[in-house]
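S.K.: Sharing a structure, written as structure tokens. Questions coming.
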Amino acid sequence: MPQSAAPWTALPAPLPAGQFLGDLRQQKLAPGPQRIVFAGDSMMQGVAPLVMRELAREHPDWEMTDLSRQSTGLTVRRHFDWPRRIAQEIEARRLTLVVIFLGPNDPWDLVEEGQRHVFPSTAWAWRYAQRVDEIQAAAARRQVRVLWLGLPSMPEGRLREGALIQNRVFHERAKAWRSDYLATEPLVGLLSEPPRRHGIDAQGQAVALRAEDGIHFAPAGLRRIRDAVLAHIEQARGP
């Protein structure tokens, strides 16, 4: 089991234009039917039903649960505690995989043991990483695989500043725990480029990928993420 996240000495600088933190594929799923929980905020509320519908069609013996809940995250625990809930689900359902997609509700001050850690700061990033580690540790104890989805481009300001830190945390902690990370940036918008709502489809036509708020996804964007999650899970099953 890896050491907990070390204190950060500096916040991450934006990557050069066109670059992003790439996928991590470090685990294989156990053989046989899978028991999967989808956890996250309103972004996952759009993605999970699409992924589950396709998986249920291909694998009718798999058990899948959508726990996604609007306006939740890792920063504020008093309303909804994701590390605790996921640990409970791991024990109750004997899960094989947890898929997580969250983040835009988190770029706010974080309170831990009565101490306020101001966003953005290195202390905030370290405490945030520790909450990611709580989930990773609960999964590792029961040999449950974790697939963490990174954040795509976000509107300028606090959300984008947060996503730059959060993706580095998600990626680094997934690497440390030898779990998986799936980049959504190349699918629906890079953080290293100006935010945009539209992309180009397979026919060369412009298509809306993001909702008007610049956070959530238009149908074409949801389908791109769905297909990437399905492909990632299929590859993790192995031959």
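The values are calculated or read from the model by the stated rules, or taken from the named source; none is laboratory data. In this text the structure is predicted, and so the values were computed from the model without any measurement. Note that each Cβ is placed from the backbone with ideal geometry, even for glycine, and that neighbours are counted across all protein chains shown. Ligands, DNA and RNA are stripped out before the accessible areas are found, and what is left, the full protein with its side chains, is counted by its heavy atoms. Shrake-Rupley method; radii C 1.70, N 1.55, O 1.52, S 1.80 Å.
S.K.: Taking segment 55-64 as the region of interest, how many residues are outside any loop (DSSP other than H, G, I, E, B) and surrounded by 15 or more Cβ atoms within 10 Å (Cβ to Cβ)? Quick ask: steps written out before the conclusion?
M.R.: Step one: list which residues in segment 55-64 are outside any loop (DSSP other than H, G, I, E, B), which gives 55-58, 63-64.
In the following step, the residues that additionally are surrounded by 15 or more Cβ atoms within 10 Å (Cβ to Cβ) were identified as 55, 63-64.
Adding up the residues that qualify gives 3.
S.K.: Looking at segment 87-140, which of the residues that are of a type in the set (Val, Ile, Thr) and in contact (Cβ under 8 Å) with a residue 60 or more places away in the chain is most open to solvent (accessible area, probe 1.4 Å)?
M.R.: Thr122
S.K.: Which residue, of Pro7, Pro49, is outside any strand (DSSP E or B), free of Cβ contacts under 8 Å to residues at least 60 places away in the same chain and surrounded by fewer than 20 Cβ atoms within 10 Å (Cβ to Cβ)? Write out each step before concluding.
M.R.: On the way: Pro7 fails: free of Cβ contacts under 8 Å to residues at least 60 places away in the same chain.
Selected residue: Pro49, the only one of Pro7, Pro49 that is outside any strand (DSSP E or B), free of Cβ contacts under 8 Å to residues at least 60 places away in the same chain and surrounded by fewer than 20 Cβ atoms within 10 Å (Cβ to Cβ).
S.K.: Let me spell it out: the conditions are (1) modelled with pLDDT of 95 or more; (2) over 18 Å from Leu149 (Cβ atoms); (3) not aromatic (Phe, Trp, Tyr), and Leu55 meets all of them except one. Which number is the exception?
M.R.: Of everything listed in (1) modelled with pLDDT of 95 or more; (2) over 18 Å from Leu149 (Cβ atoms); (3) not aromatic (Phe, Trp, Tyr), Leu55 misses just condition (2).
S.K.: Find the strands (runs of 3 or more DSSP E) located wholly in segment 150-239 whose residues include 2 or more that are more than 29 Å from Leu29 (Cβ to Cβ) and open to solvent by 10 Å² or more (accessible area, probe 1.4 Å), and list them. First the steps, then the outcome.
M.R.: Details: elements: 180-182, 198-200, 206-208.
Ranges flagged: 198-200, 206-208.
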